[in-house]
1. Counting just the residues of segment 174-212 that are within 16 Å of residue 330 (Cβ to Cβ) and of a type in the set (Phe, Trp, Tyr), which one comes out modelled with the lowest pLDDT?
2. Sort out which residues of segment 189-210 are within 17 Å of the chain's Cα centre (by Cα), open to solvent by less than 10 Å² (accessible area, probe 1.4 Å) and of a type outside the set (Gly, Ala, Ser), and write them in order of number.
3. Which of the residues spanning segment 98-122 are out of contact with any Ser or Thr (no Cβ under 7 Å at 6 or more places or on another chain) and open to solvent by 30 Å² or more (accessible area, probe 1.4 Å)?
4. Kindly provide the set of residues from segment 279-289 that are surrounded by 13 or more Cβ atoms within 10 Å (Cβ to Cβ) and either basic (Lys, Arg) or not in a strand (DSSP E or B) (or both), ordered by number.
5. Can you tell me which residue is farthest from residue 95 (Cα to Cα) among those in segment 125-153 that are out of contact with any helix residue (DSSP H, G or I) (no Cβ under 7 Å at 6 or more places or on another chain) and of a type in the set (Gly, Ala, Ser)?
6. Within segment 325-338, how many residues turn out to be hydrophobic (A, V, I, L, M, F, W, C) and open to solvent by 10 Å² or more (accessible area, probe 1.4 Å)?
7. What number of residues within segment 256-278 are surrounded by 24 or more Cβ atoms within 10 Å (Cβ to Cβ) and either of a type in the set (Val, Ile, Thr) or modelled with pLDDT under 95 (or both)?
8. Within segment 131-146, which residues are under 16 Å from residue 104 (Cα atoms) and surrounded by 13 or more Cβ atoms within 10 Å (Cβ to Cβ)?
Amino acid sequence: MQQRKIGPALTAALLMITLLAGCGSNRPNGRPGGTGQQPAGQQTRAPSTQQPGDQGNPGQQAPGEPAAGEGKQTVYPITLIDGDGREITIEAEPQRILSLGPSATEVLFALGRGDRLVGRTDWCNFPEAALEVPPVGSLFPPDYERILSTEPDLVVMIEGSVDVRERLEQEYGLTVFVYAPATFEQLYTQMVALGQAVNAREAAEAIVAEIQGEVDAIYTKILPISYSPSVFYQVWPDPLSTAGPGSFIDDMIRIAGGINVAGDADSAWPAYSLEQLLAADPAVIVAGSEAMAQDILTRPGWESLRAVREGRVYGVPNEDIVVRPGPRLAEGLRWFAETLHPGLFGR
């Protein structure tokens, strides 16, 4: 299906959504739970058998995995592969951490390292304790004076701000670790690597195990079901845009037993015309908020859509739980599963 070219206004809006979400990457992933379109009526995915810290290639050290014989404690210096696929060497255990992304802040608190945060962006609003961390601005534009004033020994940031990352590394000599998973499989690997970076591998593995458990539990219920409803996710109403392959939303729709009508798009956040939507005629429409869902139900030109006629238009109660790659994704996945298959999950 041919996608429209994205104009400057939509590009800016989608970049903002990506940065606020903290999900950054749009690289496809062919592993179970990764990106790729699922044929209608087929359950082609399988629950992940990879355990936290498992080695992806026999005989090679996995990102964030200690050498044989080492315990859960990180031994520094250590070289890890970050979310941008780069080798990052961390010389000593970080004591002053600067987070430049909402998802990074959320994960660092979950890892028990929130007390080491010396700065965060204006968008980092979860957990509530994050609001007590001094803000350094929004990165649009970056306030380098405030960033440098935090004197970090490790900067954790999301993908999408390459110019900022390069300047922090090349001009100011800071160590930057990019955290940018876009699918559940990438989440498992990158969270363990980040945990290893901040000497919290055990906590990272526990979080990953909890998320994997939810994925497997949902898969077990979905597996016998032959019906897979088609789903359209509205990211932004005007110009209309959606979630394509390389986004957590696409991953969640498939794991929860649905088919993303934009699953064959050429980007993670493609523009989508009304003509394309009418042709796809999805069984379910999901929007990023309750307000947007209510707007869809009365939007001119959408009344003939099956989802609108049948009242299957839903708003995510909190969009952060489906776009920010952290512990709350398990909650977002459960919401998708209950929404797409309400009878199966007791809703």
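1. Restricting to residues being within 16 Å of residue 330 (Cβ to Cβ) and of a type in the set (Phe, Trp, Tyr), the top hit is 184.
2. If the condition is that a residue be within 17 Å of the chain's Cα centre (by Cα), open to solvent by less than 10 Å² (accessible area, probe 1.4 Å) and of a type outside the set (Gly, Ala, Ser), then 191, 192, 194, 208 are the ones that fit.
3. Those that are out of contact with any Ser or Thr (no Cβ under 7 Å at 6 or more places or on another chain) and open to solvent by 30 Å² or more (accessible area, probe 1.4 Å): 109, 110, 112, 113, 115, 116.
4. Of the residues in segment 279-289, the ones surrounded by 13 or more Cβ atoms within 10 Å (Cβ to Cβ) are 280-289.
Those that are surrounded by 13 or more Cβ atoms within 10 Å (Cβ to Cβ) and either basic (Lys, Arg) or not in a strand (DSSP E or B) (or both): 280, 281, 282, 283, 288, 289.
5. 138
6. Initial filter on segment 325-338 (hydrophobic (A, V, I, L, M, F, W, C)): 329-330, 333, 335-337.
Next, from what is left, pick out any that are open to solvent by 10 Å² or more (accessible area, probe 1.4 Å): 330, 335.
Number satisfying all stated conditions: 2.
7. Here the count works out to 3.
8. 133, 135, 136, 137, 138, 139
The values are calculated or read from the model by the stated rules, or taken from the named source; none is laboratory data. Bear in mind that the values here come from a model prediction, so they are computed numbers and not experimental data. Please note: Cβ atoms are built from the backbone with ideal geometry, for glycine as well, and neighbour counts cover all protein chains shown. For accessibility, only protein heavy atoms count, side chains too; no ligands or nucleic acids. Shrake-Rupley method; radii C 1.70, N 1.55, O 1.52, S 1.80 Å.
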